[in-house]
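Participant: Input: one structure, supplied below.
Read-outs: derived from the displayed coordinates by stated rules, not from any lab. Owing to the predicted nature of the structure, the values given are computational and were not obtained by experimental measurement. Every residue, glycine as well, gets a Cβ built from its backbone with ideal geometry; the counts of neighbours run over all protein chains shown.
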Amino acid sequence: MLSSAAHAQSGQCTSQLCWQIEPTVCVSDNSASPCPLTFSLHWQSTLPAAVCAELAGESLKCWTNQSAGELTHQTSLTEPLQLQLRINGEIQLRQQLSLLSRQPARRKRLVAPWSVF
Amino acid sequence: MLVRMIASLMLLGLGLFPARACEQTDATACVATGTWQFNLAMGAGYRSNPLYGGRNWPLWLMPDVSYYAQHWFFDNGTLGYTLAPSAPVQLSLVSRFNEEAGYFRRASPANLFQRQGIASIDGPQEKFLFSNELKVDQLAKRPWALDAGLQLDWQALGLQWRANWWHDISDQYRGQHLKLGAGYAWTNSTGEWRLSAALAWKDKALMNTYYGISAAEHNGQQWQVSADWQPEISWQWQYPLNHRWSLLSMFRYRWINQQASTKVITGQNPLMQEASVRSWFVGLNYRFF
C-alpha cells in the first residue's frame with residue numbers, strides 16, 4: 001500500500017516561540033487504510049522554558065529549561081490530528097496534520113440499481 | 001398515526017448499532033463521487049401491468065445511470081441533495097417522476113429507460129377483456145406528476161433501512177405517499193446477493209387520480225378508490241465475470257389492492273385485472289464506466 005508525505009512545511013511563531021514541522025500532509029493511495037507518517041519538529045524560544053510537544057492530546061516529548069529542541073515521530077493517520085506545543089503549561093502553537101487520498105471519495109448509493117424497472 | 005408509527009420504527013432502528021462507513025469492497029452499494037456510473041443490463045425479463053388493456057413491458061435492455069457529487073446526486077431518475085453525506089443517518093431532499101402514470105401510457109417520463117422492440121416472452125401483451133371491465137385506452141389521460149420529498153437512509157440490525165416521504169409538487173394528484181424498506185446484502189463465492197422488503201402507503205388522492213373511474217368513463221357509474229397499502233419483496237443476484245461483465249438476475253413482487261367502491265357497492269375495480277405487479281430479469285450486465 002503506497003503512501004507519501006507531501007513536502008508541506010509549516011512554520012509558526014508567537015512573540016517568544018517559533019517552530020517548524022515537516023511534513024504536515026500525509027497522502028495515501030487508499031482512503032480506507034491508515035496513512036503512515038514520519039514528521040520532524042524543531043522549536044526555538046527567546047528564553048529558556050519548559051516546553052512539551054503533544055499529538056492529539058498525548059505528550060510526545062518534553063524539554064526542561066531549554067531554548068530549543070527537536071523531535072522525530074512516527075504515527076499512522078486515519079483522520080487529521082492536532083499537534084500542539086505547550087510552554088510553561090499553556091498551549092502556544094497548534095498545527096494540524098492532514099490526510100489526503102489519491103482515491104476519490106466514495107458514497108453509499110441512495111437508490112437501488114435498476115429500481116425504475 | 002401512520003407518521004408516529006414510522007417515526008417509532010426509525011428510532012428503534014437508530015438506537016441499536018452504529019452505522020458502518022461506505023466500504024471499498026462494497027462495489028454495488030458504494031460509488032466514487034464526481035464521476036458518472038453507467039451500466040447496461042441485457043437479457044430477458046418483463047414487468048407486468050395490473051390494468052385491463054395494459055401492456056406488460058419487456059425488459060431486455062435496462063440502463064443503470066448515476067452520478068454522485070459531494071452532496072448532490074442523480075440516480076436512476078431520482079435527483080437528490082444529501083445534507084450530511086458522511087453521517088451514519090443520511091437525510092436527503094429528493095425528487096423524481098411519479099411512477100403511476102407509467103401503467104397508462106407507453107411514453108411516460110417514468111418509462112424513459114424502457115425499450116419496446118420485441119414481444120414479451122411471458123405471453124400476449126394485450127390482456128383478454130371482458131365487457132364489464134375498462135380498458136386503459138378507454139380512460140381519460142392520466143397525468144404524469146413530479147414528486148418531491150425526503151429520504152432517510154440508515155443502518156441497524158445489520159440491515160440497510162430507507163424511509164421515503166413523497167408529495168406531488170406538480171399539482172396533478174395533490175396527494176402524498178410513504179415507503180419504508182429494509183435490505184440485506186451479502187457476498188460469497190456464489191456472487192453478490194441482495195434481499196429487500198418494503199411497505200408503501202399511497203393516499204386516497206393519489207389512488208383516485210390514477211385508479212378512480214369517473215362516471216363519464218364507465219356507464220355513468222363513478223368508482224372511488226381508497227388509500228392503499230402496498231407491500232413488496234425483491235431480490236437481486238449478481239456474479240462478476242470480470243471487472244466489466246457480470247451475470248444479473250432480479251425479481252420483485254408488489255401486492256396492490258383491487259378493491260373500489262361506488263355509492264352502492266364495493267367490489268373489484270373495473271380497471272384492475274391483477275392484484276400484483278411483478279418484475280423479473282435474467283441476463284448480463286456490462287459496466288461502461
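Participant: What does the convex hull of the Cα atoms come to per residue for segment B:176-234, in Å³?
Facilitator: In segment B:176-234, the Cα convex hull volume per residue is 88 Å³.
Participant: Further, regarding this structure: How far is it, in nm, from the label point at residue B:253 to the one at residue B:32 when both lie 7 Å from their Cα along the line to the Cβ?
Facilitator: 4.0
Participant: Using the Cα centre of segment B:35-287 as the reference point, and only Cβ charges (+1 on K/R, -1 on D/E), how large is the resulting charge dipole? Debye, rounded to the nearest 20.
Facilitator: Approximately 220 debye in magnitude.
Participant: How do A:15, B:226 line up, fewest other C-beta atoms within 10 Å first?
Facilitator: A:15, B:226
Participant: Obtain the nm distance between the two label points defined at residue B:261 and residue B:215 by a simple spin-label model: each point lies 7 Å from its Cα along the Cα-to-C-beta direction.
Facilitator: My value for the distance between the label points is 1.9 nm.
Participant: Sort B:171, B:75 so the one with the fewest other Cβ atoms within 10 Å of its own Cβ comes first.
Facilitator: B:171, B:75
Participant: Could I ask something else about it? Can I get the semi-axes of segment B:35-287's equivalent ellipsoid? Compute them from the C-alpha gyration tensor as square roots of 5 times the eigenvalues, in angstrom, largest first.
Facilitator: With the √(5λ) rule applied to segment B:35-287, the semi-axes are 33, 23, 16 Å.
Participant: Right, here's the next one. For each of A:51, B:65, count neighbouring Cβ atoms within 10 Å of the residue's Cβ, then give the residues from fewest to most.
Facilitator: The most exposed by this proxy come first: B:65, A:51.
Participant: Can I ask one more? Give me a comma-separated list of calculated 3J(HN,Hα) values for segment A:51-65, in order, Karplus coefficients 6.51, -1.76, 1.60 applied at θ = phi - 60°, integers in Hz, x for any Gly or Pro.
Facilitator: Karplus-based 3J(HN,Hα) across segment A:51-65 equals 10, 10, 9, 10, 10, 6, x, 9, 6, 9, 7, 10, 10, 10, 6 Hz.
Participant: So what J values fall out for segment B:54-68 if you push phi through Karplus, 6.51 cos²θ - 1.76 cosθ + 1.60 with θ = phi - 60°, rounded to Hz, Gly and Pro as x?
Facilitator: Values per residue, Gly and Pro as x: x, 9, 5, 9, x, 10, 10, 9, 10, x, 10, 10, 8, 8, 10 Hz.
Participant: Scan around residue A:115 for amide H atoms under 5 Å from its own, H built in the peptide plane at 1.01 Å from N, and keep only partners 5 or more places away or cross-chain.
Facilitator: The answer is none.
Participant: Calculate how large, on average over all directions, the projected area of the Cα convex hull of segment A:3-101 is; give the answer in nm² to one decimal.
Facilitator: Taking a quarter of the hull surface, the average projection is 5.5 nm².
Participant: Under the rule of at least 5 residues apart or a separate chain, name every residue whose amide H is placed under 5 Å from the amide H of residue B:56.
Facilitator: Amide H neighbours of residue B:56: B:49.
Participant: Another question about this same structure. How large is ³J(HN,Hα), in whole Hz, for each residue of segment B:274-289 in order, when computed from phi with the Karplus curve 6.51 cos²θ - 1.76 cosθ + 1.60 and θ = phi - 60°, using x for Gly and Pro?
Facilitator: Each residue's phi maps through the Karplus curve to give 10, 9, 7, 10, 10, 10, 8, 7, 9, x, 10, 10, 10, 8, 6, 7 Hz.
Participant: Residue A:92's amide H: which non-local residues (gap 5+, or another chain) put their own amide H closer than 5 Å, with H modeled 1.01 Å from N in plane and none for Pro or chain starts?
Facilitator: Those lying under 5 Å, H to H, from residue A:92 are A:85, A:86, A:87.
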